[in-house]
Amino acid sequence: MAEPALAAALAALGDDLKPADVLRHARTLRAADAVPGARKTRAALLASYSIGFAEPFLVVEGARRGLHLSTYVGAFNQFEQEVGADALHDFRPDVLVLAMRPEDVDPEAVGRFHASSGRRFADLATAMLDRLAACVMSFRARSDAPVLVANAAMPRHRPLGVFDAGEPHALTHALADYNRRLAERVAALPGAAVWDYAGLVGEAGARGWTDPRLWALARAPVAAAHQGAFAGHLARALAAVLCGPAKCLVLDLDNTLWGGVIGDDGLAGIQLGDDWPGSAYKALQRAALNLMDRGILLAVVSKNERDVAEQAFREHPEMLVRWEHLATARINWAPKSANLREIAAELNLGADALVLFDDNPVERAEVRANAPEVRVIEVPPDPLAYVDVLEASGHFDQVRLSEEDRVRTDLYRQERQRQVVAQQAGSVEDFLAGLEMHADVGRADAASLGRIAQLVGKTNQFNLTTRRHSDARLAAMSGDPAHCVAWLRLGDRFGDLGLVAVGIARADGDVGTVDTFLMSCRVMNRGVEVALMAYLADWARAARCTTLVGDYLPTKKNGMVRDFYARLGFEPAGALEDGGTRWRLDLPAGAPAWPAVIRRASG
Amino acid sequence: MSGDVRLRAVFASVFGVDGAALTDEASPKTVPGWDSVNHLHLVLALEGEFGVQFDPGEIAELTSFGRIRERLAQDGHG
């Protein structure tokens, strides 16, 4: 593998590529043993059309999104046969894509929608939903890999022409109804998510989407001009499913959140409002708040006098982002890389969970050099393009929204109030008693599995074993009587903290084993971990176990729980490979007691 | 760059072959990887490079380096 070719391919990823360039770079990327900064990903693609035609484009777009892709392209239109086939499973896919288009499965039901007053399409829609659900479950029998299911795009030509949408029983609405039902159906399937093909075609434009020559000659529905958009959209969905979203948007101020320099132009001189150019900055603020509504934290890093900048947040009438919306801020003259590291530490996040949006290329370069984990958006000079690049970055693409995501900014605000109480309390016991904590504990069910999967997937620090169980594996364990997948929800006088801890135990004869034990760092030092372990010990005892065994598997990030089992009264039971330790507890005698400072609400 | 150089570069990109070594007789029988799918990739790559468009009948006929070279020459890409 020629290194210069790979370097050239990677350098070219930022450019507009001609089809010939895409084919050349795809070959180079495919042949590379490893692509720097990209994770090896095996994607299996099953479609009702020739999706293999897009493969070179997908390889290139995957590299742009940090995925070094290899693909398995299933036989055309053979969904049921392929999802159970040895060839597909021998490929060991990291992700499966199911792309079934109604017009391919039954062209008459779409093209002659009104021949049966839409009944044929309604039957087709129901049959497709059943087939897709059955395919996901059949795949699940042999793989835990996530599945993306494409929804259905509006065809360019609709049966009633320009008035199709005006007829309540027309194809326009039948397709929308199919997509809504697909969303509901897929949400209930383990480890599956919708890939918004309809959104992609709508954004790119149905006109010109298909090149009739390519469709006729190769059953490839995407014209050359749109192959990049098609593959880019799919690669973005793959990256979101496989890599997960960033958690905090860190914004610069001058010429980013407003136009001009507040230190020079003053409160009245900055550009911000409903007229250009101030409208461009206001639009970015609105987009940032939309992210906040979805659970993304907002923070500020700026070289400014703090009082002057803070005054803009508090007093400028056009500011949409207010001071209280910020999870934290660093407004000073220190290097931004250092400030970003401080922000990450303060918010208990890895630096890779931060996204920097800063108009100044010098600052971006400083951060790339000195805090390379931070995701830095390449901000264009024109503020009218800010919202587009923020959205197109895909850094905040989130497959599912849990209740905790929606209220996260509230949670951080409550945390600040708690810290005030902590400073005033005389002792730790007084502080904990003063919080008036109450906890719910229980076994995983459909309502809690999403949040459990999220915590299992992302918790780094308070995590004894860091086992990243897939959604499908968690669903399987929660349905198995020999396993206990337990959660704990915590609340106190300042508000609801949500589902903050997860423990998974397994009973083998008279030995109970703690497979997973983790907790959100928000609720450290409050006895929550003792409460959850008491619950697991109760379960193990009820399952006739006499011993509870737990392992500590060290990672770079979980040093804080090295002595966790010792603190809870477990006895050392030997060393494991790679510095891990095993611990055991005699259940009848030594079970940890539920902490008195937490009122137990159920279980 | 002359049309000939650009044409050979497209072949090199699509099939990973040495473009300079191609003769007019190069065809799906002699060029590894020149199958029906890659034939369409080649056609789209040529269209992208030369700003031309071939109709479906022509696409089926353009099955050697020589025929493609002659077809492009008709459009002034000699």
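Coordinate-derived values only; no laboratory data. Since we're looking at a predicted model, the values are computed, not measured. All Cβ positions, even for glycine, are placed from backbone atoms using ideal geometry, and neighbour counts span all protein chains on display.
GNM remark for chain B: springs join alpha carbons under 10 Å apart, and the peak mean-square fluctuation among B:Ser27, B:Ser36, B:Ser64 falls on B:Ser36. A full extension of the chain between A:Ala75 and A:Ser116 corresponds to an added length of 11.6 nm, given 0.36 nm per residue minus the alpha carbon distance. Would you mind giving the average projected area, over all directions, of the Cα convex hull of the range A:149-263 in nm² with one decimal? Convex hull of Cα atoms, orientation-averaged projection: 11.8 nm². Once the convex hull of all Cα atoms in the range A:1-101 is built, its volume per residue stands at 100 Å³. Placing pseudo-labels 7 Å out from each Cα toward the beta carbon at A:Arg493 and A:Asp307 gives an inter-label distance of 3.5 nm.
Using Cα positions and a limit of under 17 Å, work out the lysines in reach of A:Lys557, with same-chain residues fewer than 8 apart set aside. Qualifying lysines at Cα under 17 Å: A:Lys458.
Projected label points at A:Arg468 and A:Glu318, each 7 Å from Cα along the beta carbon direction, are separated by 4.4 nanometres.
For the pair the range A:71-90 and the range A:211-227, the centres of their Cα atoms are 23 angstrom apart.
The alpha-carbon of A:Lys303 sits under 27 angstrom from the alpha-carbons of these lysines, leaving out residues fewer than 8 places away in its chain: A:Lys247, A:Lys282, A:Lys336. With K and R counted +1 and D and E -1, the other residues having a Cβ less than 13 Å from that of A:Ala476 yield a net charge of 0.
Peptide A:20-30 has a mean shielding of 5, counted as Cβ atoms of other protein chains within 10 Å of each residue's Cβ. When each full DSSP H helix of chain A is screened for a Cα extent of at least 20 Å along its own axis and an average Kyte-Doolittle hydropathy of at least 0.0, the helices passing are A:119-140, A:224-243, A:528-542. Shown in residue order for the range A:325-334 are the 3J(HN,Hα) couplings computed by the Karplus curve 6.51 cos²θ - 1.76 cosθ + 1.60 at θ = phi - 60°: 6, 7, 6, 6, 8, 10, 10, 6, 10, 7 Hz (x for Gly and Pro).
In this rough spin-label picture, where each label sits 7 Å from Cα along the Cβ direction, the A:Gln419-A:Ala476 distance is 4.3 nm.
According to the Cα gyration tensor, what semi-axes, each the square root of 5 times an eigenvalue, does the equivalent ellipsoid of the range A:503-555 have, listed from largest to smallest in whole Å? Present the calculation step by step, with values, prior to reporting the outcome.
Details: eigenvalues 94, 35, 10 Å².
Rounded to whole Å, the semi-axes are 22, 13, 7.
Restricted to Cα atoms, the protein assembly as shown shows a radius of gyration and a Dmax of 28.9, 92 angstrom. The residue among A:Ala127, A:Ala486, A:Thr256 whose Cα reaches farthest toward the positive pole of the charge dipole of the protein assembly as shown, with charges on the beta-carbon of Lys, Arg, Asp and Glu, is A:Ala486. Considering only Cα atoms, the convex hull volume of the range A:513-603 works out to 104 Å³ per residue. When the label point is put 7 Å from the Cα of A:Ala188 along its Cα-to-beta-carbon vector, which residues of the range A:439-454 have a backbone N closer than 14 Å? Of the residues in the range A:439-454, A:446-447 have backbone N under 14 Å from the label point off A:Ala188. Calculated FRET efficiency, A:Leu160 to A:Ala446, Cβ-Cβ distance, R0 = 35 Å: about 0.30 to the nearest 0.05. Compute the signed sum of charges (Lys and Arg +1, Asp and Glu -1) over the other residues within less than 11 Å, Cβ to Cβ, of A:Ala26. Taking every Cβ under 11 Å from that of A:Ala26, the sum is 0. The orientation-averaged projection of the convex hull spanning the C-alpha atoms of the range A:87-238 amounts to 9.5 square nanometres.
For chain A, a crude dipole built from +1 on the beta carbon of Lys and Arg and -1 on the beta carbon of Asp and Glu, taken about the Cα centre, is about 1200 debye to the nearest 20. Highest GNM mean-square fluctuation among B:Gly19, B:Gly48, B:Gly66, for chain B modelled with Cα contacts below 10 Å: B:Gly48. Counting Lys and Arg as +1 and Asp and Glu as -1 over every other residue whose Cβ lies under 9 Å from the Cβ of A:Ala170, the net charge comes to -1. DSSP beta bridges confined to chain A are antiparallel in about 45 percent of cases. The distance from the alpha carbon centre of the range A:2-61 to that of the range A:291-311 is 38 Å, rounded to a whole number.
Note on the range A:276-395: Cα Rg divided by 2.2 N^0.38 Å, N the number of residues, gives 1.02.
Calculated from the alpha-carbon coordinates, chain B shows an Rg and a Dmax of 11.1, 29 Å respectively. Each of A:Met533, A:Met154 has some number of other Cβ atoms within 10 Å of its Cβ, and from fewest to most they run A:Met154, A:Met533.
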